[in-house]
Amino acid sequence: MRALALLLALAPLTGCGDEPPAQAPRAPAPPAAGQLAAPPPIVLITLDTIRREHLSCYGYFRATTPRLDAFAAESLVFERALASMASTLPSHLTLLTGLYPHQHGMTSNRRGASVPFTSEVGRLSAAAVLAQCGYRTAAFVSASPLSLTTGIQTGFQHYSYRERSAAARQRAGDTNALVFEWLERHAAEPGPLFLWVHYFDTHEPNEPPPPYDTRYQTDERQRQWIRERGIDPAALEQRYSRSSSARRHFLRNPPEAARDEGKSGKLRVTLDSVAELMNRYDGSLSYLDENLGALFDALRRHGLYHEALIVVVGDHGQSLGENTWLGHGTITNVNTFVPLLLRLPDSLAMAPQRSATLVSLTDVMPTLLARFELPNSELLSGQFEGEDVLSGAFARDFALTERTADAPKDGESGRQFALLSGAWKYIHRPEGQDELYDLAAGGEFVDVLAQHPEVGARLRAETLTLLARRPALLEEARGEVDARLIEQLEDLGYGGGDDEGPDEPSDD
Ligand SMILES: [Zn+2]
């Protein structure tokens with residue numbers, strides 16, 4: 001039976017984000033993992049704006065991520081991991097607290113500019129608790145949504161954040177240089193290490209350094225892939241018709257045929273300009289992968305690679321034209337399903353596997369901390385909304401994702417929550433109409449709530465229960481706002497009230 005269960009867990013690669021039918025048997029629980037004799041090193045590697053389907057270890061048609069593929073071959077690979085929000089700061093705080101954004105309180109990037117996160121009972125940061133329990137804590141982040149203003153550095157004894165430009169982002173190679181220098185000086189010191197490294201290279205505008213900028217070229221195979229994803233350039237052109245600055249964040253140097261000849265220099269969305277965006281995205285991804293490999297090598301040099309709990313995870317996806325959207329921020333599947341890979345210490349002797357079980361980023365920290373005893377960490381383990389997915393008894397069959405409070409200008413407004421369960425996706429709008437989608441039939445845009453009222457009632461009840469559980473009491477934003485951070489967020493495309501979408505209407 002156990003062998004059969006393991007076989008079933010080895011689900012085939014879907015590659016295109018296909019979802020199992022709603023009525024299909026649930027994927028078996030991920031395998032059980034044992035416990036370590038002592039607190040191990042923990043390495044958390046977060047990849048910003050990472051589109052799961054563009055990673056070769058998640059089935060992409062290009063070999064974009066050979067170093068990560070090699071890591072995946074010796075890890076647990078989760079094929080259905082759901083981010084709590086397609087927004088950088090909220091999603092990272094979910095990783096650190098094991099809580100959904102409505103529970104840890106940081107419901108948008110811009111909120112971080114006025115109400116910093118504080119680690120307190122009920123929403124403790126694992127970094128703060130690990131530091132109190134004898135860990136050495138160090139973080140290296142690469143962009144302003146994780147700047148010091150936001151409070152996310154709480155608990156990190158060393159927090160590296162450098163402002164290299166107005167947009168305050170740095171390349172993986174520069175982040176790595178700081179990590180490697182720190183490891184040289186401190187890796188051998190006594191006490192287990194909690195190391196967090198954040199990379200930002202796949203966030204738009206996707207301008208990778210040579211030779212990655214020209215590594216991928218449009219061909220018929222790629223055009224076919226774009227068509228298979230249902231990307232509609234004409235619909236994109238319409239949606240972004242009044243937003244020149246959003247176009248500039250994504251589109252580059254279109255061939256002459258793609259220019260709107262009537263309006264000099266205007267960037268138009270065509271199938272080939274989407275392909276060109278993807279070429280730069282994939283180049284950014286390959287550059288990131290090369291640096292990720294260099295980080296793995298550094299962990300090996302310092303004796304950490306085989307001993308540590310190592311997590312590689314995306315904070316959210318990127319639409320790249322799908323669902324008539326270029327960026328992130330919305331609660332579509334391409335924005336909220338992320339890669340999640342976990343390499344356990346060699347001493348746990350866990351065979352590499354792929355799991356099709358639906359898991360949430362709220363589960364990451366509970367799963368890590370369940371692998372060893374950590375005296376005096378009860379307040380933290382008691383606050384988790386997520387669960388240990390490697391307990392051998394993991395049976396939760398739903399996960400929640402929330403829409404950022406920085407409303408993207410996609411024609412939607414107000415708060416939105418999505419509960420995923422089997423192949424059902426239930427959208428709850430506290431100020432509007434709820435909807436139900438069958439991802440196995442009709443996908444995310446054919447509302448079937450009227451056809452399945454009993455399913456809708458069940459998922460609505462589950463959603464409301466989850467939202468009522470320990471919601472953070474949100475403070476009102478103070479009068480003072482970090483204007484510099486707001487400016488940096490806007491440089492990254494998080495324009496006034498926007499999150500990664502078309503910003504102010506513009507006629508140019
Ligand atoms: Zn992000």
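Rule-based calculations on the coordinates, nothing more; no lab input. Since this is a predicted model, take the numbers as computed values, not measurements. Cβ atoms come from the backbone with ideal geometry, glycine included; neighbour counts cover every protein chain shown.
Taking R0 as 30 Å, what FRET efficiency do you get between residue 174 and residue 69 from their Cβ-Cβ distance, rounded to the nearest 0.05?
Working: r = 24 Å, r/R0 = 0.81.
Calculated transfer efficiency: 0.75.
Read phi for every residue in segment 309-315 and hand back ³J(HN,Hα) as whole Hz from Karplus 6.51 cos²θ - 1.76 cosθ + 1.60, θ = phi - 60°, with x for Gly and Pro.
7, 10, 10, 10, 8, x, 7
Please list 3J(HN,Hα) in residue order for segment 361-369, calculated via the Karplus relation 6.51 cos²θ - 1.76 cosθ + 1.60 where θ = phi - 60°; whole Hz, with x for glycine and proline.
5, 5, 7, 4, 5, x, 5, 5, 6
Mind giving me the FRET efficiency for residue 487 and residue 373? R0 is 56 Å, r the Cβ-Cβ distance, nearest 0.05 is fine.
Efficiency, from the Cβ-Cβ distance: 0.75.
Calculated FRET efficiency, residue 217 and residue 413, Cβ-Cβ r, R0 41 Å, to nearest 0.05? Spell out each step's value before the answer.
Working: r = 40 Å, r/R0 = 0.97.
Result of the calculation: an efficiency of 0.55.
For the chain, what is the relative contact order in percent, using Cα pairs closer than 8 Å and at least 6 residues apart in sequence?
Details: 1093 pairs, mean separation 141.0, N = 508.
Relative contact order here is 28 percent.
By DSSP, what percent of the beta bridges with both residues in the chain are antiparallel, rounded to the nearest 5?
50 percent
Would you calculate, for the chain, the mean residue ellipticity at 222 nm contributed by helices, counting each DSSP H stretch of 4 or more residues as -39,500 (n - 2.57) and dividing by all residues, to the nearest 500?
Values: 15 runs with 146 residues, N = 508.
So the calculated ellipticity at 222 nm is -8500 deg cm²/dmol.
Could you check the simple spin-label distance between residue 235 and residue 431, using points 7 Å along Cα→Cβ, in nm with one decimal?
Placing both labels 7 Å beyond Cα along the Cβ direction yields 2.5 nm.
How much length is gained on full extension from residue 451 to residue 347, taking 0.36 nm per residue of separation minus their Cα-Cα distance?
Full extension of this stretch gives 32.4 nm more.
First select every other residue whose beta carbon is under 12 angstrom from the beta carbon of residue 350; then total the charges, Lys and Arg +1, Asp and Glu -1.
Charge balance near residue 350 sits at 0.
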